[in-house]
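Right, one structure below, let's go through it.
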């Protein structure tokens, strides 16, 4: 049961880290990797799945709930959307490979939804970028 709880915690941290909520999945992954309680591929797979699911939440928010962005309770600022939209329009769909990047990654996934990027293309590119980041992290520690 402890194995499941640890992996569930990693999944949750990764999911939250990919949304607009602050979380650090890298610290959780690195700690679990150094503790050697789970296989490296399992840790990378769980972290990637959680992080990609968080990006899918952002894509859905952009696709279906963006018309509420001007409300006081909206956590998404217009300036952030404008900056991410400019980046996305400059670099195109390939910018989704940087969905893991701090500060710009989460807004990029939101903008992909706003701009109605094809979901399957979105999912493929975001998964590649996020998995590569987690692989690089476990190789580095």
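Read the figures in this text as sums done on the coordinates, not as results from a lab. Everything quoted here is computed from the prediction, not taken from an experiment. Backbone-built Cβ (ideal geometry, glycine too); neighbour counts: all protein chains shown.
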Where is the GNM fluctuation largest for the chain (alpha-carbon springs, 10 angstrom cutoff): 93, 44, 126? 93
What angle, in degrees between 0 and 90 and rounded to the nearest 10, separates the Cα long axis of helix 119-140 from the longest principal axis of the Cα atoms of the chain? 40 degrees
Nearest 10, in degrees from 0 to 90: the angle of helix 25-35 to the longest Cα principal axis of the chain is 10 degrees
Taking Cα atoms only, helix 2-17 is inclined relative to the longest principal axis of the chain by an angle, in degrees rounded to 10, of 20 degrees
So for each of 47-57, 129-139 I average, over its residues, the number of other beta carbons within 10 Å; can you give me the resulting order with the highest mean first? 47-57, 129-139
Using 1/(1 + (r/R0)^6) with R0 = 30 angstrom and r between the beta carbons of residue 72 and residue 118, what's the FRET efficiency to the nearest 0.05? 0.40
For percent of Cα pairs over 26 Å apart, several values are listed as (1) 21; (2) 25; (3) 36; flag the one computed from this structure. (2)
